[in-house]
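I have placed the structure first, in the form of structure tokens, so that the comments after it can refer back to it.
The values are calculated or read from the model by the stated rules, or taken from the named source; none is laboratory data. Only a predicted model underlies this, so the values are computations on that prediction, with no experimental measurement involved. All Cβ positions, even for glycine, are placed from backbone atoms using ideal geometry, and neighbour counts span all protein chains on display. Quick note on the areas: whole protein, heavy atoms, side chains included, nothing else; ligands and nucleic acids left out. Shrake-Rupley method; radii C 1.70, N 1.55, O 1.52, S 1.80 Å.
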Amino acid sequence: GRRVTVRDLTAAKERGERWPMVTAYDAMTARVFDDAGIPVLLVGDSAAMVVYGYDSTLPVTVDDLLPLTAAVVRGSSRALVVADLPFGSYQSSPQQALESAARFMKEAGAHAVKLEGGRRVVPQVEALVSAGVPVMAHLGLTPQSVNVLGGYRVQGRGQSGDELMADAKDLERAGAFSVVLECVPADLAERVTASLTIPTIGIGAGAGTDAQVLVWQDLMGLTPRPARFVKRYADLAAEMDRAVRAFAADVATGAFPAAEHTYS
Ligand code: KIV
Ligand code: NA
């Protein structure tokens, strides 16, 4: 079958169907999520933290993310693959945004890009869309701005909620095909969702958005101290700890390898 398209996602909103998005950074996990029918895979700049071990998303570069994106595209066959534009790869100008997006599409095969920010990135969104690049926007807690926001905290409370609503409408008007709402009050996310024809994708934004996204290591229980908005659907850290300790013990005793693992 064919890949999911941005039009499929708008059509799902019209039908009132909610959908899931998860991050992926390599071919094997991409294949598992793709086979499970996850329609959109995000190669997030969260790779800075969960793949590369940095303590924010700021250090990661286009060159760091390109091979991960290519792996996710190769590992999937049905999902729409969205590449995050990392910090410093699009803010300078619409031209810089287009050059970065073109690399993700030409060198890695990404189908869309995501960037952070409201009205200040509208020129970038317009340039990308007119060049044929589908754009996912990202409002609320935008981790690339953590040093301005003063930490990873809830956004859009009170007066700033009206600004977030205006940003969302401007991004839709600029041609974005969807918008991530991160760490915002549920009632604000619900109002934004009702005001837009493009889908909203929530993370820490309550149950009223059109879609939900989680970082896969959060949802699988690999990250040590997940945020309040994370639900763990597996405890992979415990399972991997058990397995690698069992392997180590079998190596120590000589129980592994057994006859069936051995060539005569
Ligand atoms: O980088 C990322 O994983 C993200 C999602 C959490 C939306 O931007
Ligand atoms: Na991101």
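Numbers below:
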quantity	calculated
Matching entry among Leu80, Leu149, Leu139, Leu68 (being within 18 Å of the chain's Cα centre (by Cα) and farther than 20 Å from Leu9 by Cα)	Leu68
Subset tally (residues that are open to solvent by 40 Å² or more (accessible area, probe 1.4 Å) and in contact with a helix residue (DSSP H, G or I) (Cβ under 6 Å, 6 or more places away or on another chain)) for the stretch 207-264	5
Per-region count, the stretch 62-83, residues open to solvent by 60 Å² or more (accessible area, probe 1.4 Å) and within 16 Å of ligand 1 (Cβ to nearest atom)	0
Residue in the stretch 52-59 that is away from ligand 1 (no atom under 15 Å from the Cβ) and either open to solvent by less than 10 Å² (accessible area, probe 1.4 Å) or in contact with a strand residue (DSSP E or B) (Cβ under 7 Å, 6 or more places away or on another chain) (or both) present	no
Test for Asp187: is it more than 19 Å from the chain's Cα centre (by Cα), among the acidic types (Asp, Glu) and either part of a strand (DSSP E or B) or surrounded by 22 or more Cβ atoms within 10 Å (Cβ to Cβ) (or both)	no
Complete set of residues in the stretch 33-85 that are within 16 Å of ligand 2 (Cβ to nearest atom) and of a type in the set (Phe, Trp, Tyr)	Tyr52, Tyr54
Meets criteria (touching a residue at least 60 places away in the same chain (Cβ under 8 Å) and assigned by TED's automatic domain parsing to the domain that holds Val135) for Ala194	no
Identity of the residue in the stretch 84-100, more than 16 Å from ligand 1 (Cβ to nearest atom) and open to solvent by less than 60 Å² (accessible area, probe 1.4 Å), that ends up nearest to Gly204 (Cα to Cα)	Ala97
